[in-house]
Amino acid sequence: MNLVSLDQALAWDVKKTRQEYKNHLNPVFVQMLTLLSYDRRFVKAEGVYVWDDKGEKYLDFLGAFGALSLGHNHPRVIEAVNKVNQLPNYLQVNTNAVAAALAHNLAEIMPGELEHSFFCNSGAEAVEGALKLARIATGKEKLISTLGAFHGKSMGALSVTGKESYQRPFQPLVPQVEQVPYGDLESMEKALAAKDVAAVILEPIQGEGGVILPPADYLPQVRQLCNKYQALLILDEIQTGLGRTGYNFACEHDKVVPDIICLAKALSGGVMPIGSFSTTKDLWNKAYGTTDKYLLHTSTFGGNTRAAAAGLETISILVEEELAHQSREKGQHLLNKLLPMVGKYPILKAVRGRGLMIGLEFHPQQANLANKLSGGMVDKLAQEFTGALVQGEMLNKHRIISGFTLNNPNVIRLEPPLTVSYEDLDYVADALENIISHNKGFLNAAFGSAKTTLNSLFKRS
Ligand SMILES: Cc1ncc(COP(=O)(O)O)c(C=O)c1O
């Protein structure tokens, strides 16, 4: 047996780590990182910044897909976790004051009367719990979600995720799910009309779909339709929640109160894995309010002391530092810088967002010369992943970490910590302008270097 110690793992260089990934984790992930020249060995993270082993400093504008609202390793959150490290983290035979306090505080900041919460460990689990609650509380089966939605990849969450290529290999999924176009009220009403729907699940802004904002009156109208046809409204605020879009919850922008809110990502300041769904007393009691039902939905790790302590401190910081307000002002500042670039640079198709959840959509590019060399493979990359190539350029030339959206890789999302400085926002806007104003040169270079890895990648599939 050849067991590796933590100290040995911490001393591994990128090459060794890649090898172990290839042998024991996901080999194609490593190939893609190499292709886009992403992989680094990061040795330190603090606030908006991370440092590699060569001492280079990077700006993290991906923020773990929105989980790092407070930045990396916020000292107050780390301290809160340390403060409880002598307590039992899980015991299961008692009530836990720290989890109870987090549920209390969530009820304080939630819109409406969403005062009962359930804790789990990820976004997908939060969605699973919300869908189950909708079915058990209403006694109905049907669920409606939207095309382009992303709700996670476990079986139930995947069933309501609106991307066919993620779903196809795993059929049959959870039955009785209908998907309608996001923003289309007519299709929504048709799907609800038979009054057989347990719940509609929506993101207030579609994140992985490409930072898609719905039409202005969409959420309030969907709320009314749900009332009219006696369906619950679940809002998946896993990415939009806790200040990201300029409000504590994105639904507050539209003054809509759902029946269930799902959270995860930023809920513990990016320090511990956590997820939750919150609902009304009435719905909770309908679902799990009797002795034969109170244990129908449980989680071993859900509500553990350390994650709950991190959550408590995160909410305190969110409220004390008025991060939602900061996000609104900083997001507007960044949008004001980025919006004039649309029209000015042909590669940039659109810029959109709310608060510090901003998407830049790029026109798919033709790879020209490099493509001829790779028998069409580079063109495939160019058309589907132009955003990813811009992202690579941001990292390699300007030391900015960003990410493309999962369901639409031609969109780059900027989701920096809400504590980001105006100076860093300006730096990123200037870097983007620098890249897209020279787009021909960088695309050809990127496609050229991508050729070899690409060929082997596509041959395999
Ligand atoms: C809106 C939304 N819902 C659900 C999820 C799934 O969360 P997790 O990856 O923690 O399962 C995500 C993750 O990106 C998300 O953005």
*For the pairs 337/397; 190/349; 57/349; 140/190; 22/349; 44/397, note any where the Cα-Cα span goes beyond 26 Å.*
190/349; 57/349; 22/349
*Classify the chain as rounded, prolate or oblate, taking a ≥ b ≥ c as the square roots of the eigenvalues of its Cα gyration tensor: rounded when a/c is under 1.5, otherwise prolate if a/b is larger than b/c and oblate if not.*
prolate
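Can you bin the stretch 172-328 into rounded, prolate or oblate? Criterion: square roots of the alpha carbon gyration tensor eigenvalues sorted a ≥ b ≥ c, rounded for a/c under 1.5, prolate for a/b above b/c, oblate for the rest. Present the calculation step by step, with values, prior to reporting the outcome.
Details: a/c = 1.97, a/b = 1.20, b/c = 1.65.
Since a/c reaches 1.5 but b/c is at least a/b, the shape of the stretch 172-328 is classed as oblate.
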*residue 159: net charge of surrounding residues, Cβ under 15 Å, Lys/Arg +1, Asp/Glu -1, itself excluded?*
0
*Place a label point 7 angstrom from the Cα of residue 10 along the Cα-to-Cβ direction, then list the residues of the stretch 41-69 whose backbone nitrogen is under 12 Å away.*
44
*To the nearest 20 debye, what is the magnitude of the charge dipole of the stretch 75-320 about its Cα centre, counting +1 on the Cβ of each Lys and Arg and -1 on the Cβ of each Asp and Glu?*
460
*Taking the Cα-to-Cβ direction at residue 17 and at residue 178 and moving 7 Å from each Cα, how far apart do the two end points lie in nm?*
4.8
_So if I take the centroid of the Cα atoms in the stretch 1-72 and the same for the stretch 268-308, what is the distance between those two points in Å?_
32
_Given charges at beta-carbon only (K, R positive; D, E negative), |dipole| of the chain in Debye_ = 1340
*Hey, which aspartates and glutamates would be in cross-link range of residue 16, C-alpha to C-alpha under 17 Å, not counting anything within fewer than 8 residues on its own chain?*
7, 39, 52, 53
*What is the gain in length, in nm to one decimal, between residue 423 and residue 53 on full extension, counting 0.36 nm per residue of separation less the C-alpha to C-alpha distance?*
130.7 nm
_How much of the DSSP bridge set in the chain is antiparallel, in percent, rounded to the nearest 5?_
65
*Work through the residues other than residue 85 whose Cβ is under 13 Å from its Cβ and net out their charges, Lys, Arg +1 and Asp, Glu -1.*
+1
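No lab work stands behind these numbers, since they all come straight from the coordinates. Predicted, not measured: the structure shown is a model, and the values here were computed from it. Positions of Cβ are backbone-derived with ideal geometry, glycine not excepted, and every protein chain shown enters the neighbour counts.
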